[in-house]
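Worksheet: the structure to be examined is printed underneath.
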Amino acid sequence: MPILEVKDIHKSFDSEVILKGISFSMDAGESVSIIGSSGSGKTTLLRCLNFLETPDEGTITVQGEQIFDAHAPALKPEEIRERRLHFGLVFQQFNLFPQYTALENVCLAPKITSEKPDIKQIEETGRKLLDQMGLSDRMNNYPHQLSGGQQQRVAIARALALKPDILCFDEPTSALDPELTGEVLKVIRGLAEQKTTMIIVTHEMSFARDVSDKVIFMDGGVIVEQGAPDDVINNPKEERTRQFLAGYSGIRK
Amino acid sequence: MFVTVTLSLLEGFLGTIKLFALTLLLSLPLGLILSFGSMEKLGVIRYPIRFLIWVIRGTPLMLQLLVIYYGPGIFFGVNIWGGSPSGRFTAALVAFVINYSCYFSEIFRGGIQSIPVGQYEAGQVLGMTKKQIFFKVVLLQVIKRIVPPMSNEIITLVKDTSLARVIAVYEIIWNGQAFIKSSGIIWPLFYTGAFYLIFSGLLTLLFGYIEKKLSYFR
């Protein structure tokens, strides 16, 4: 049984059609990269999975449980809260809470959203996660005292603290200076090696090819091509994929 | 004479402080409610509140004091406030609370709307409720941003309390002015300035302290 099954997702904003029927599935432990030019609908797709947007059509099924159906009655806020926790989301702009330290950022949601929080256990997990992100000496720093790369790693730890089934990344390195992207990509690569189930929207082509089990190329709100990274990135079948990849001359074969 | 005047002014200043403190106490929460109303999606709620804010910010506070105090008697034939000093004080308090809630609500609205949408979305994807996002994530950031405009507005309130004089509410200027008639001296009126200065000086220090306390994050 696939861990995630997305069927025929459509989404429009006002009269602009962004997603025109997106279907894909993935297995537990896989990392899937979604590539494509700006405006192709990649980010909207991630936002639909995380219930930040409501699709007009389609269904989302996680581990056999249908968590969204556009034709079902609208979900109550508490249902949305419960169901979106299948997913975690790491934003392009990190969106850390500025008034909390790195550790507090990681621990806040687990502390306030569980009925009987075990504060010690939560903080222990938070420390472990930050340690895993290479931030053991930064736990008590506030976001403005951290570099972009460090902030994004805190954001990854914050998302992991809720143990999502599927962790989504929305262009995690696009807001970073080039010299800082490496440290974030390294952390994501580490997560892939530990078989964390991930969907990564990215413009880092060589990273997508090296790290993911599957690559999806989106254009104009549809999936043009999907498959093994070697096939999609090195030997694309579709003309549109070829055109898109031609813009990335730096990909090593 | 100086002691007599000082004591009399202190007594008047007590009235000033009372009006100031009660106005602040009531208009801060009311202003927060109005700010939510002015950001409401439903037009039936949003438009009347925006209209009220426009009227209140668009007319002089002194005029509002007169309308609230004399209005009920003139238009409905009942002086709901009564003629006693406490009745006049209540009328003044109502006028001040309405006026300042509207100004505060605009400061709150500005503060709330300046918080990036990403902060709300981060809270949402972490499974927080709307209430948790507001109180645990957004509120302190809003407070930090509104401290400078609030300190401005609150210091203005200290001095605006003197307007209550137009409906004969006893406050410090009233007491200072009384010496012109009773003793033929004007300096007590000028002397009132010292009280305002000291009080707003203390408030400035307080707000400076709060600003510093909140400077640990950006």
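Of all residues in the range B:135-147, none that is facing chain A (nearest Cβ under 9 Å) and in contact (Cβ under 8 Å) with a residue 40 or more places away in the chain has its Cβ atom under 8 Å from the Cβ atom of a residue that is part of a helix (DSSP H, G or I) and among the small types (G, A, S), 6 or more apart or on another chain.
Does B:P72 meet the test of being more than 17 Å from the chain's Cα centre (by Cα) and not aromatic (F, W, Y)?
Considered against the rule, which asks whether it is more than 17 Å from the chain's Cα centre (by Cα) and not aromatic (F, W, Y), B:P72 comes out as yes.
Collect the residues in the range A:15-30 that are among the charged types (D, E, K, R) and either in a strand (DSSP E or B) or crowded, with 20+ Cβ neighbours inside 10 Å (or both), keeping them in residue-number order. Once the filter is applied, which keeps residues that are among the charged types (D, E, K, R) and either in a strand (DSSP E or B) or crowded, with 20+ Cβ neighbours inside 10 Å (or both), the range A:15-30 yields A:E16, A:K20, A:E30.
Does the range A:168-181 hold any residues that are away from chain B (no Cβ under 11 Å) and either at pLDDT 95 or above or open to solvent by less than 40 Å² (accessible area, probe 1.4 Å) (or both), and which are they? Listed by number, the residues that qualify are A:F169, A:E171, A:P172, A:T173, A:L176, A:L180, A:T181. The set of residues in the range B:40-66 that are exposed (fewer than 14 other Cβ atoms within 10 Å of the Cβ) and in a helix (DSSP H, G or I) comprises B:G43, B:V44, B:Y47, B:P48, B:F51, B:W54, B:V55, B:R57, B:G58, B:L63. Of the numbered criteria (1) at pLDDT 95 or above; (2) buried (at least 17 other Cβ atoms within 10 Å of the Cβ); (3) in contact with an Asp or Glu (Cβ under 9 Å, 6 or more places away or on another chain), the one A:S12 fails is (2).
If you take the residues in the range A:84-103 that are more than 25 Å from B:F217 (Cα to Cα) and at the interface with chain B (Cβ under 10 Å from one of its Cβ atoms), which one is most open to solvent (accessible area, probe 1.4 Å)? Outline the logic, then answer.
Here is the first cut: in the range A:84-103, the ones more than 25 Å from B:F217 (Cα to Cα) are A:84-88.
From what is left, the residues that are at the interface with chain B (Cβ under 10 Å from one of its Cβ atoms) are A:84-85, A:87-88.
Working: A:R84: 13, A:L85: 59, A:F87: 3, A:G88: 4 Å².
Within the range A:84-103, the match that is most open to solvent (accessible area, probe 1.4 Å) is A:L85.
Give all pairs with beta carbons closer than 7 Å in which a residue from the range A:42-65 that is within 16 Å of A:E79 (Cβ to Cβ) meets a residue that is open to solvent by 30 Å² or more (accessible area, probe 1.4 Å) and polar (S, T, N, Q); count only pairs at least 6 apart in sequence or on separate chains. Filtered contacts from the range A:42-65: A:L52/B:Q124; A:T59/A:Q66.
Counting residues in the range B:112-126 that are within 11 Å of another protein chain (Cβ to nearest Cβ) and within 21 Å of B:Y100 (Cβ to Cβ) gives zero. Only residues that are touching a residue at least 40 places away in the same chain (Cβ under 8 Å) and in a loop (DSSP other than H, G, I, E, B) were counted across the range A:109-146, and they come to 5.
Does A:T43 qualify as being under 20 Å from the mean Cα position of the chain (by Cα) and surrounded by fewer than 19 Cβ atoms within 10 Å (Cβ to Cβ)?
Details: under 20 Å from the mean Cα position of the chain (by Cα): yes; surrounded by fewer than 19 Cβ atoms within 10 Å (Cβ to Cβ): no.
So A:T43 fails the test.
Is it the case that A:V106 is more than 8 Å from chain B (Cβ to nearest Cβ), closer than 15 Å to A:L49 by Cβ, aliphatic (A, V, I, L, M) and in contact (Cβ under 8 Å) with a residue 12 or more places away in the chain? Criteria not met by A:V106.
The values are calculated or read from the model by the stated rules, or taken from the named source; none is laboratory data. Every value quoted in this text rests on a predicted model; they were computed, and no experiment measured them. Cβ: placed from backbone, ideal geometry, glycine included. Neighbour counts: every protein chain shown. The protein model used for the area step is the full one, side chains on, heavy atoms only, and it has no ligands, DNA or RNA in it. Shrake-Rupley method; radii C 1.70, N 1.55, O 1.52, S 1.80 Å.
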